[in-house]
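The structure appears below as structure tokens.
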Amino acid sequence: MDSLLTWFISNQDADARRKEKMSKINLLLVDDEERFLSTTKILLEKRGVSTATASNGPDGLKILEEQRIDVVILDVKMPGMDGIEVLWKIRKRFPLIEVIMLTGHASVESAVEGLKQGAFDYIMKPCDIPDLLKKIEEAFDKKKAMEGKIRKAKIDKMISHPMAVFEKE
């Protein structure tokens, strides 16, 4: 009985830690299917993920200009500016933001192209929320690790060249 209680408590602690971590993630979901956007936003926010939505690429790029976003879930197939073009613009203007491509069965080739263009990963529609959360968490961890490396490089530069503090970046 004690081992069962210990297991239950440790699982609750792990769930609480994961929800706390997820609450630090700012996500942007870009998809032209309004029903998918609203349902997924509700499910992600229920699990602690702060989620902004856009129904097209230009609106998604505008949100990236206005808000701090860590991870983007980006549909490959959208009218007008498709996901590959949006990905290219994100990589160019926001290189630290991780992008997960969202694809239907017919557009796996496009998702692979997204990976070649620098997407973190891709997930198939319809997607399982636990799988999506895992990919979001992994993408967030990668972004945070890269930010940490950049901070360390700046500190190392300041230590080895104190006058570098006065140089423009």
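The values are calculated or read from the model by the stated rules, or taken from the named source; none is laboratory data. Owing to the predicted nature of the structure, the values given are computational and were not obtained by experimental measurement. Here Cβ is always computed from backbone atoms with ideal geometry, including for glycine, and neighbour counts include all displayed protein chains.
Observations, loosely collected:
- Restricting segment 43-68 to residues that are in contact (Cβ under 8 Å) with a residue 40 or more places away in the chain and touching a helix residue (DSSP H, G or I) at 6+ places or on another chain (Cβ under 7 Å), the residue that is farthest from residue 88 (Cα to Cα) is 47.
- Per the listing 145, 52, 111, the residue uniquely among the small types (Gly, Ala, Ser) and under 12 Å from the mean Cα position of the chain (by Cα) is 52.
- So residue 71, is it at pLDDT below 95 and under 18 Å from the mean Cα position of the chain (by Cα): no
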